[in-house]
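Data block below; observations after.
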């Protein structure tokens with residue numbers, strides 16, 4: 001179970017990012033992107049609630065990242081501002097589970113040397129022979 005401080009940091013980061021996304025969307029009155037913004041807000045609200053349950057806290061960042069990726073992919077043709085939402089799931093995974101979790105959530109199909117490069121493990125990377 002994550003600490004109250006970690007949950008507060010992730011909630012604050014989600015709210016800040018939602019406000020940062022809302023500014024250009026509301027300024028330009030872009031209705032399709034507003035729909036994407038509402039979808040992202042619903043996903044983040046559900047993720048914030050699910051993180052409080054100790055049974056599912058390990059899979060929440062992965063599911064959140066997948067859903068945010070789907071929303072961003074569906075609405076990328078209307079506005080590039082929505083892509084800011086893609087930066088948050090690795091941050092949340094790092095806050096809740098450490099840097100190694102952020103590396104694995106942000107690059108699930110990465111090569112075998114990725115954990116060595118990203119997370120600084122003590123073992124050397126595999127040889128390319």
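Only the coordinates and a few stated rules stand behind these numbers; no lab work does. What you are looking at is a predicted structure, and each value in this text was computed from that prediction instead of being measured. Using ideal geometry, Cβ is built from the backbone for each residue, glycine included, and neighbour counts are taken over all protein chains shown.
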Q) What ranking do 83-95, 37-49 get when scored by the average of other Cβ atoms within 10 Å per residue, highest first? A) 83-95, 37-49
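Give me the Å³ per residue figure for the convex hull around the C-alpha atoms of the range 9-58. All intermediate terms of the calculation are to be shown ahead of the outcome.
Details: hull volume 3.0 nm³, N = 50.
It is 61 Å³ per residue.
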Q: Let me know the whole percent of all Cα-Cα pairs from the range 20-106 that are separated by more than 21 Å.
A: 31 percent
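Report the FRET efficiency, 1/(1 + (r/R0)^6), for residue 35 and residue 3, where r is their Cβ-Cβ distance and R0 is 35 Å, rounded to 0.05.
Details: r = 35 Å, r/R0 = 0.99.
About 0.50, to the nearest 0.05.
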